[in-house]
Every structure is written in structure tokens, then in C-alpha cells.
Amino acid sequence: MDTYRQENMSKNVDQETRTPNWSAGAGYIDGKFMPIAEAKIPVTDWAYRRSDVVYDVVSVWDGVFFRLDDHIARFRRSMNRYKFNIKETDEEIRTILHKLMALSGLRNAYVAMDCLRGQAAPGVRSPVKARNYLSCHAVPFSTLVPQDKIERGIHMMVSSIPRIPHACVDATAKNFHWGDLNLSMFEADEKGADYPVLLDLEGNVTEGPGFNVFTVTNGVVATPDYNMLEGVSRASAMDICAELNIPFEVRKVSVAELRDADEIFVSSTAGGVIGVSRIDGRILNNDRPGPISEKIRETYWQKRLAGWHGEPVNYELE
Ligand code: PLP
């Protein structure tokens, strides 16, 4: 057997019982549940051929979903924005996500809900007649960067590739148009940075691949208001600023302001709040996340562990 198959067999199949390994994750496609290794879509699907997908991702930490209502509501808004229609209601989506968690038994997970365009009858090229469907999966939780980089802070660079303009692709609807984000990650890699941040065509900060961006200048936190996903973790960071009496502004943030900021941090479902220690090679805060960023990060996790906006997973399988 070749190495690839051997590795995947051992990951996805329990070697003693030869049964599928649900703990690697669980999938749901268009009405059926399956171990993650079996969750596949046809190569002819427009979801694949045209990146025609809207999606959302919610995290589970210590057996508790975080802001599940907000993620399902945003998912529904994204579906409406891009004219997707599925048979499942919001309540049914919630039940499916709980069942995926129960099947996998995972305590910490990344739980995705995707709406795929599907296909129309042979020969039809317009998406108007396609039958859309829901695909969800739960896999082990992962963060934007590993723990040691969370502690030392993300090394960020400003990408030369602008974020696709809002007028072309509405970034507030979470979607698979990742061409700009993907290429900018190659650019970051070539420059030895962990992550890029993308600007709009006027040179204002938008977001990065999988996260929103914040600056801290003279004790005031600022985050962009346009041409980016309105992150659920971004909303959480704003709530925490309000609670901690940290002044907060939602407005245009220029690249000059980013480069001169006292602190920078990012927010994402993949890790919560994470500090930045370098921007384009400039060292911030002795090469560590800044104190306000750290305070917000710690508060985020304290509140989550205390059940803030939490919905415990129902691990009972009916
Ligand atoms: N921006 C983009 C492009 C994203 O893909 C994500 C999340 O995946 C975010 C921002 C952060 O959003 P959230 O906090 O809801 O995870």
C-alpha cells in the first residue's frame, strides 16, 4: 500500500475494529451523516468548479458552542445575499451541528456549515436552476497560528494584493472567493511573515485570510468598518472593550495608522483574539503582543470558559 493511503487509513479507520474513525471528524451532506473521510462532493458541482459556496464556521471549546445563534444568523444572511436556497431551517441546521459533535465526540472543534450551489440539468450553465444543498462538518479545533506563535505574537505584513472590492464580491457574506487572500498568503510566506493583511483600493485596512484586524493607538482601539466580514469574534472583542471601558472606534483605518500603531491584534473563530508583534518587519512592544491586546485576549477566554454566549453540545445520540 502506498504511504498516502496508509497514513489516511490509520487516521480515519480504527485499526483494531476496522470501523470508520469518527473522532477524526464527522460530516453531513444533503441529508446524510458520515465519518469525515467519506464526506465528498462531485467534481462537477459548481461549488467546486466555480467556488460557488457561502459558509460559516462556529467553534466548540470544552463541549460548548460559542455564539451559535450569531453564526447561523450570519450563514442565513450569506445564503440570502448570494441567492442560495436549502431545505433545512435554522433549527434543523442547529440540530445537525449538535449531531455532528455527538458523532465525533470532539470536545474542541471547528464546525463548518457550507451551502453549495450544486448543479442544474446537463447543458444548463446558469446557476439559477441549480439545486443548492447543505454540507456541514466538525473537525478538531485549530487556531490561526500554533500556541507558541500566539504567545510571541503574529508577524504580519501588508499585502501588495488589494482585497477584492465590496462592489464586486460582498465580503460581509462569508464566501469562497479566496483568490486574493490565498495569493497574499504566498506573498507573506515569501517575506517570512505569518500572515498578510489586505488593503482596499484606497489603501485602507480591510482584513486578512480568516481574521479581522484592530489597531491600538494612544489607548484607543480601532477596526475597519467596510469591505470585510463582520466577524463574530470582532463583535466579541468590541463587547469586551465596552466592558473594560477601553475606547473603541469602528471606522476607516489607513495603512499609515496600521504601520504606526502602538499595538495590533486580530480576531477570529480560529483562536479568538491574537496579538501581533511585527508589522512589515517593524517590532512592536519588545516583539510581543501589547498589553491591551493581551487583556482583551485573556478576557475573551475567561468569559468563554465561564459560558459567555455558550450553548452546551448535546452529546446524546437519539
Ligand atoms: N475575515 C475573513 C475573511 C474570515 O474568513 C473570517 C473567519 O473565518 C473572519 C474575518 C473572522 O470572522 P469570525 O470572527 O466570525 O470567525
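The values are calculated or read from the model by the stated rules, or taken from the named source; none is laboratory data. None of the values given here were measured: they were computed from a predicted structure. Glycine gets a Cβ as well: all are built from the backbone with ideal geometry, and neighbour counts include every protein chain shown. Just the protein is used for accessible areas: all its heavy atoms, side chains included, with ligands, DNA and RNA removed. Shrake-Rupley method; radii C 1.70, N 1.55, O 1.52, S 1.80 Å.
Net charge of the neighbourhood of Val253, taken over other residues with C-beta under 12 Å away and scored Lys/Arg +1, Asp/Glu -1, is -4. Looking at the chain as a GNM with Cα springs under 10 Å, which of Ala237, Ala167, Ala24 has the largest mean-square fluctuation? Checking each option, the largest mean-square fluctuation is seen for Ala167.
For the range 147-305, the relative contact order is 26 percent, taking Cα pairs closer than 8 Å that sit 6 or more residues apart in sequence and dividing their mean separation by the residue count. Take every pair of alpha-carbon atoms less than 8 Å apart whose residues are at least six positions apart; their mean separation over the length of the chain yields a relative contact order of 18 percent.
Ignoring lysines fewer than eight residues from Lys303 along the same chain, the ones with Cα atoms less than 18 angstrom from its Cα are Lys295. Computed per residue of the chain from DSSP H runs no shorter than four, each worth -39500 (n - 2.57), the mean residue ellipticity at 222 nm is -9000 deg cm²/dmol. Annotation: average projected area of the chain is 18.4 square nanometres, based on the convex hull of Cα atoms across all directions.
Please give the Cα centre distance for the range 92-139 versus the range 202-238, rounded to the nearest Å. About 28 Å separates the Cα centre of the range 92-139 from the one of the range 202-238. Ligands, DNA and RNA left out, the accessible area of the chain computed with a 1.4 Å probe is 52% carbon and sulfur. Once the 1.4 Å probe is applied to the protein heavy atoms, the chain comes out at 48 Å² accessible per residue.
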